[in-house]
1. Please list 60-68, 8-16 highest first by mean number of surrounding beta-carbon atoms within 10 Å per residue.
2. Over region 62-184, what lengths in whole Å, largest first, do the semi-axes of the equivalent ellipsoid take, defined as the square roots of 5 times the eigenvalues of the alpha-carbon gyration tensor?
3. Name the residues whose placed amide hydrogens come within less than 5 Å of the amide hydrogen of T120, ignoring near sequence neighbours (fewer than 5 apart) on the same chain.
4. Helix-derived [θ] at 222 nm for the chain: sum -39500 (n - 2.57) over DSSP H runs of at least 4, divide by residue count, nearest 500?
5. Translational diffusion coefficient of region 84-153 at 10 °C, 1.306 mPa s, Stokes-Einstein with Kirkwood Rh over Cα pairs, in µm²/s as a whole number.
6. Would you grab the residues whose amide H sits under 5 Å from the one on L181? Only those 5+ places off in sequence or on another chain, please, with H modelled 1.01 Å from N.
7. Any of K74/K170; K63/K169; K4/K169; K4/K107; K63/K172 with alpha carbons more than 23 Å apart? Name them for me.
8. Test of understanding: what is the full-extension gain from W8 to D76, defined as 0.36 nm times their sequence separation minus their Cα-Cα distance?
Amino acid sequence: MSIKSDAWITRMAREHRMIEPFAENQVRGGAISYGVSSYGYDIRVADEFKIFTNVNTTIVDPKRFDQQSFVDFKGDVCIVPPNSFALARTVEYFRIPRNVLTICLGKSTYARCGIIVNVTPFEPEWEGTATLEISNTTPLPAKIYANEGIAQVVFFEADEVCRTSYADKKGKYQAQRAITLPKI
């Protein structure tokens, strides 16, 4: 298994529509950076959020998740309450090849502010926009900037293709385009 470079990512995005929309260069200019980096791709967070609230004093249960635990928000800046979290989705739609596994890691710009993006893999032959969990670990409200960088995806190419891909398993998060709550 080998980590893939910016040239490989660019080629796969152009030839196989692996990432759409695709920023061939790293975009900065007053924004939290996104686009191709040396050995990964910095993804953007869309302007749709589900902000966790406990107004109903509910218990967080991944098997019986209460949708009323979230407040829907759409805008350029999302405020995540202290010691809470929000769900969001990527701007980018991914099509992961059968011989590739990715790991999604939070950007250090946010991490240095106590904002953590959950680390998650994109499995072989998964496709869709990724649902992101953004945690505010601080005792203060935290700003998240829509349409700017939020995390980096690192691509690993296997020496051989997997026996069973995410598509083969008919994965429950396949082809999602919206923020998707936990499913069993």
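No value in this document is a laboratory result; all are computed from the given coordinates. Everything quoted here is computed from the prediction, not taken from an experiment. Every residue, glycine among them, receives a Cβ derived from its backbone with ideal geometry; neighbour counts consider all protein chains shown.
1. Most protected by this proxy first, the peptides run 8-16, 60-68.
2. Working: eigenvalues 151, 60, 29 Å².
Values for region 62-184, descending: 27, 17, 12 Å.
3. So T120 has HN proximity to C104.
4. Values: 2 runs with 15 residues, N = 184.
Taking each H run of at least 4 residues, the total per residue is -2000 deg cm²/dmol.
5. 124 µm²/s
6. Distant-sequence amide H within range of L181: zero hits.
7. Numbers: K74/K170 30 Å; K63/K169 20 Å; K4/K169 25 Å; K4/K107 18 Å; K63/K172 14 Å.
Going by Cα-Cα distance, K74/K170; K4/K169 fall outside the 23 Å limit.
8. Numbers: separation 68, 0.36 × 68 = 24.48 nm, distance 3.17 nm.
Answer, rounded to one decimal: 21.3 nm.
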